[in-house]
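Let me begin by presenting the structure, written as structure tokens, before commenting on it.
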Amino acid sequence: MSLSSIQDFFSEHDSVIKESFIALLICALGDLFAGILLGKMTFFLETFPGLLVIIPGAIGMRGNIFGSFASRISTNLHIGMISPKFELSEQLNNNILSSFVLTLILSLFLAIIAKIFCIIFHFESIALIDFILISVIAGIISTIIMLPVTMFISFKSFNHGWDPDNITTPLIAAIGDLFTLPAIVASLYVLNYLNTSLLIKEIFTLILTVFVISAFVYVFRMSSESKKIITQSTPVLLVSSILGVSAGGIFNSSIETLLTNPSLLTLMPLFSGESGSLVSILSARLSSGLHYGLIEPLRKPEGESLHNFMICYVLAIVMFPLIGFIAENSTNILGSAGVGYLNIILISLISGLILISVMIFVVYYISITSYNRDIDPDNIVIPISTSVTDAISSLILISVSLFILGALI
């Protein structure tokens, strides 16, 4: 590529890169809080064995559901289906209620899958009823926050002339990361309270489970739009939950390495969050591009699709070394021994570039395949791609970390 074409590229996509970079930087701050909190959650991880298995899935689920919610709002704002004045309408109500019940039913499923995963791989773990209470209560708490915040960010960014595709998904992922872990901690305190009476605990769990299933059935039957969202989203989110639990299992199997290297534990949510946000930006941009004809669903990516790939690489080259530095620096400030600035920056950058190189093609082909089959990419691309990202990022990050730190030599 010539110097002039590089200059033309940056000139054409200057606003996209700037908007996305600012959003990713804000995302990094939210992920840093999650990383620091996770680094301080060693007591809970030891007291509630198996808890780490559910954490990546819970964090990813918020991003999947509300990232898709934001992507649908973005598309509807672009094509005029939803008023930018933030007026409640049937279209918006269907999206709100569908996102709420998807969170409830997926929280229940996530708990069951986490327990099954622990049994299969012989991880020491808490009881199924405890997994259910932790997952569903945390889901309800975080949803109460995430629904209004997602709508606020989507409408405000659109009304200020910013492209919601560049802003909402990383910000929502960051907010999801920010509130998911505190919501899980809050649910642990609720669980401790319920443990004072086994009978009350069992009755409460039964009522909660019946409520989740009833709400899901009600919203499914409410309208054709909500039925479409749930029908297209649920199977994908179920697969995404399995992948999220797999990511948690990978981390749980390496828990000793993570606990003895605090900067890696801090880096984990940062790396996962930034990777997911980058992939979400790409997913949302491809989805919107397909909807209003800027991108052709061709077998070989070209034109605007390739430009979006390059934007991802530019952002990755800047963000991954930065979050490595942030993770190491915060670990040192808090008085723990890190792995060294050079090591952590190399781990983050190499892992990030490997991950992005794989995911740009995964996202592209999921997008064009769903579009060509008349399935709305807004409902499935972000959940699938971010969940695959979570699972792959866990494996890549652990593998690169072990290699660079010399554990495999």
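Taken about its Cα centre, the chain carries a charge dipole of about 600 debye when Lys and Arg each add +1 at the Cβ and Asp and Glu each add -1 at the Cβ. If you count only protein heavy atoms and use a 1.4 Å probe, how large is the accessible surface of TYR292, to the nearest 10 Å²? The accessible area comes out at roughly 100 Å².
Each listed q (0.10, 0.19 Å⁻¹) maps to a log10 I(q)/I(0) for segment 275-397, found by the Debye formula over equal Cα scatterers with no solvent: -0.36, -0.95. Relative contact order for the chain: 26 percent, from Cα pairs under 8 Å spaced at least 6 residues apart, divided by residue count. The slack between THR47 and ASP14, meaning 0.36 nm per residue of separation minus the straight C-alpha distance, is 7.0 nm. By accessible area, using a 1.4 Å probe on protein heavy atoms only, segment 101-238 has 74% of its surface on carbon and sulfur. What the Cα convex hull of segment 175-278 gives, in volume per residue, is 152 Å³. Rounded to the nearest Hz, the phi-derived 3J(HN,Hα) couplings of segment 238-243 under the Karplus curve 6.51 cos²θ - 1.76 cosθ + 1.60 (θ = phi - 60°) are 5, 4, 4, 5, 4, 5, where x marks glycine and proline. Simple spin-label estimate for MET310 and ILE26 gives 2.7 nm between the two label positions (7 Å along the Cα-to-Cβ direction from each Cα). Residues in segment 228-233 carry Karplus couplings, in order, of 5, 4, 5, 4, 7, 7 Hz; the curve used is 6.51 cos²θ - 1.76 cosθ + 1.60 with θ = phi - 60°, and Gly or Pro positions show x.
What FRET efficiency comes out for ILE375 versus PHE325 if R0 is 41 angstrom and r is the Cβ-Cβ distance? Round to the nearest 0.05. For R0 = 41 Å, the calculated efficiency reads 0.55. For the pair SER89 and PHE152 in one chain, pulling the backbone fully straight at 0.36 nm per residue adds 21.1 nm over the alpha carbon distance. Full extension from ARG221 to LEU128: what is 0.36 nm times the residue separation minus their Cα-Cα distance, to one decimal in nm? Result: 30.5 nm gained on full extension. Per residue, the accessible area of the chain comes to 41 Å² when a 1.4 Å probe rolls over the protein heavy atoms.
Between SER125, SER71, SER20, the GNM of the chain built on Cα springs shorter than 10 angstrom shows SER125 fluctuating the most.
Taking all protein chains together and a 1.4 Å probe, the residues LEU199, LEU25, LEU51 rank LEU199, LEU25, LEU51 from largest to smallest accessible area.
The helix-based estimate of mean residue ellipticity at 222 nm for the chain, built from -39,500 (n - 2.57) per DSSP H run of four or more residues and divided by its residue count, is -30000 deg cm²/dmol to the nearest 500.
Here the Karplus curve 6.51 cos²θ - 1.76 cosθ + 1.60, taken at θ = phi - 60°, turns the phi angles of segment 55-72 into couplings of 5, x, x, 5, 5, x, 5, 4, x, 4, 5, 7, x, 5, 4, 5, 5, 5 Hz, with x standing for Gly and Pro. Between MET81 and ILE207, the modelled label-to-label distance comes to 3.8 nm, taking each label 7 Å out from Cα in the direction of the beta carbon. Taking the charge dipole of the chain about its Cα centre, with +1 at Lys and Arg Cβ atoms and -1 at Asp and Glu Cβ atoms, the residue from ILE398, CYS118, LEU181 reaching farthest to the positive side is CYS118.
With the simple spin-label model, which puts each label point 7 Å out from Cα in the Cβ direction, the ILE116 to ILE333 separation comes to 4.2 nm.
Given a 1.4 Å probe and the protein chains as shown, GLU87 ends up with an accessible area of around 100 Å². Taking all protein chains as they are arranged and a probe of 1.4 Å, the heavy atoms of PHE86 leave approximately 100 Å² accessible to solvent.
Within the listed set ASP31, ASP14, ASP130, the Gaussian network model of the chain (springs between alpha-carbon atoms below 10 Å) gives the highest mean-square fluctuation for ASP14.
The values are calculated or read from the model by the stated rules, or taken from the named source; none is laboratory data. Remember, it's a predicted structure, so these values are computed and weren't measured experimentally. Note: ideal-geometry Cβ built from the backbone for every residue, glycine included; neighbour counts use all protein chains shown. Surface areas here come from the heavy atoms of the whole protein model, side chains and all, with no ligands, DNA or RNA. Shrake-Rupley method; radii C 1.70, N 1.55, O 1.52, S 1.80 Å.
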